[in-house]
Amino acid sequence: MRIIPKLFLNKIFGDNIYVNSFHHQMIREVANGFRSIAWASDGVVEAIEKEEGSYVLGVQWHPEEMRGNQFNMSDLFKEFISKT
């Protein structure tokens, strides 16, 4: 998955990570006030965030299923909790 530099996810994982993208639905249009911030190699949006105001992050993969992976998803949860 490719991640936009200098944003929340990029600060945790860098420019590219492997995720367990096994969903049967995808984002066709991002709602007003949100932006796409990460994409799978096939162009599917894997993460979005709110552009302004309180922090909102949405991901299409399953970080809870990636314990013990080389990309430490617990860092994602820790950072998310620190934002609340």
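The values are calculated or read from the model by the stated rules, or taken from the named source; none is laboratory data. These figures come from a predicted structure and were not determined experimentally. Positions of Cβ are generated from backbone atoms using ideal geometry, with glycine treated the same way; all protein chains shown enter the neighbour counts.
Residue count for region 36-54 under the criterion of being in a strand (DSSP E or B) and either closer than 19 Å to Met66 by Cβ or under 11 Å from the mean Cα position of the chain (by Cα) (or both): the result is 9. When restricted to residues that are among the charged types (D, E, K, R), modelled with pLDDT of 90 or more and over 14 Å from Leu57 (Cβ atoms), region 16-44 contains 1. Taking Phe71 as the residue in question, decide whether it is within 20 Å of Pro5 (Cβ to Cβ), at pLDDT below 80 and not charged (D, E, K, R). Answer is yes for this residue. One residue is enough: does region 16-26 have a residue meeting the conditions crowded, with 17+ Cβ neighbours inside 10 Å, part of a loop (DSSP other than H, G, I, E, B) and out of contact with any Asp or Glu (no Cβ under 6 Å at 6 or more places or on another chain)? For region 16-26, residues crowded, with 17+ Cβ neighbours inside 10 Å, part of a loop (DSSP other than H, G, I, E, B) and out of contact with any Asp or Glu (no Cβ under 6 Å at 6 or more places or on another chain): present. Filtered by the rule that a residue be more than 16 Å from Ser82 (Cα to Cα) and at pLDDT below 85, region 5-15 gives a lone residue, Lys6.
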